[in-house]
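Chemist: Below: one structure in structure tokens.
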């Protein structure tokens, strides 16, 4: 892990505990959607930092910051298991390939359906912050820019932070710092 990434990681907690972030102030009147982008090769270090440092520290805040961290890959897998599709999807991928499998999953994994499912499982009104992580593992089954757009209608006034293995320049997302995603103008970089 580079020193620059280490410095950026250490800025996460002060930003998340800032009243302006939690109250959605200072974001140009937009809902507080934040992105922490990082080099994809540092995925495991960022994941460990989130789970071992950020989440426990938020729970120790006074008053406690009520947060839910959602692993997007597990959200997808849980949905497929509940619909008894996981084994079928794995077999389809083995026998028919990635493209055909992904095409068959589009209806099941539509981002607006996933957004509604995510909201139904978590009482957004009772949260201070929602965190999304493990974005890279959910690709290409899930498109993050579309999921973020779908979540806008459901988040009320609650901030959302997405840990993103790639680059976000304030205009577009580049998953793994390579794959250009559609423009997403409604999020803000959590730290520079």
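The values are calculated or read from the model by the stated rules, or taken from the named source; none is laboratory data. Just so it is clear, the model here is predicted, and its values are computed rather than measured. Quick reminder, even Gly has a Cβ in these numbers, built from the backbone with ideal geometry, and neighbours come from all protein chains shown.
Chemist: Looking only at residues in segment 109-129 that are out of contact with any helix residue (DSSP H, G or I) (no Cβ under 7 Å at 6 or more places or on another chain) and more than 21 Å from residue 157 (Cβ to Cβ), which one is surrounded by the most Cβ atoms within 10 Å (Cβ to Cβ)? Write out each step before concluding.
Modeler: Looking only at segment 109-129, we keep the residues that are out of contact with any helix residue (DSSP H, G or I) (no Cβ under 7 Å at 6 or more places or on another chain), and these are 110, 113, 116, 119-127.
Of the ones still in play, those that are also more than 21 Å from residue 157 (Cβ to Cβ) are 110, 113.
Numbers: 110: 16, 113: 13.
Across segment 109-129, the extreme among qualifying residues is 110.
Chemist: Within the bounds of segment 110-120, is there any residue that is more than 16 Å from the chain's Cα centre (by Cα), farther than 19 Å from residue 165 by Cα and modelled with pLDDT of 95 or more? Write out each step before concluding.
Modeler: Narrowing segment 110-120 to residues more than 16 Å from the chain's Cα centre (by Cα): 120.
Now restrict to residues that are farther than 19 Å from residue 165 by Cα: 120.
Restricting the remaining residues to those that are modelled with pLDDT of 95 or more gives none.
Scanning segment 110-120, I find no residue that is more than 16 Å from the chain's Cα centre (by Cα), farther than 19 Å from residue 165 by Cα and modelled with pLDDT of 95 or more, so the answer is no.
Chemist: Assess whether residue 35 counts as being farther than 24 Å from residue 169 by Cβ, under 19 Å from the mean Cα position of the chain (by Cα), at pLDDT below 95 and not in a helix (DSSP H, G or I).
Modeler: No; evaluated as a whole, the condition is false for this residue.
Chemist: On to the next question. Does residue 153 count as touching a helix residue (DSSP H, G or I) at 6+ places or on another chain (Cβ under 9 Å) and exposed (fewer than 13 other Cβ atoms within 10 Å of the Cβ)?
Modeler: Working: touching a helix residue (DSSP H, G or I) at 6+ places or on another chain (Cβ under 9 Å): yes; exposed (fewer than 13 other Cβ atoms within 10 Å of the Cβ): yes.
The answer is yes for residue 153.
Yes/no per residue for (1) over 17 Å from the mean Cα position of the chain (by Cα); (2) buried (at least 17 other Cβ atoms within 10 Å of the Cβ); (3) within 15 Å of residue 138 (Cα to Cα); (4) at pLDDT 90 or above:
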| site | (1), (2), (3), (4) |
| --- | --- |
| 68 | no, yes, no, yes |
| 71 | no, yes, yes, yes |
| 77 | no, no, yes, yes |
| 84 | yes, no, no, yes |
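Chemist: Also, quick follow-up: Using the structure shown, decide if residue 46 is touching a residue at least 24 places away in the same chain (Cβ under 8 Å) and surrounded by 15 or more Cβ atoms within 10 Å (Cβ to Cβ).
Modeler: Numbers: touching a residue at least 24 places away in the same chain (Cβ under 8 Å): yes; surrounded by 15 or more Cβ atoms within 10 Å (Cβ to Cβ): yes.
Yes, satisfied.
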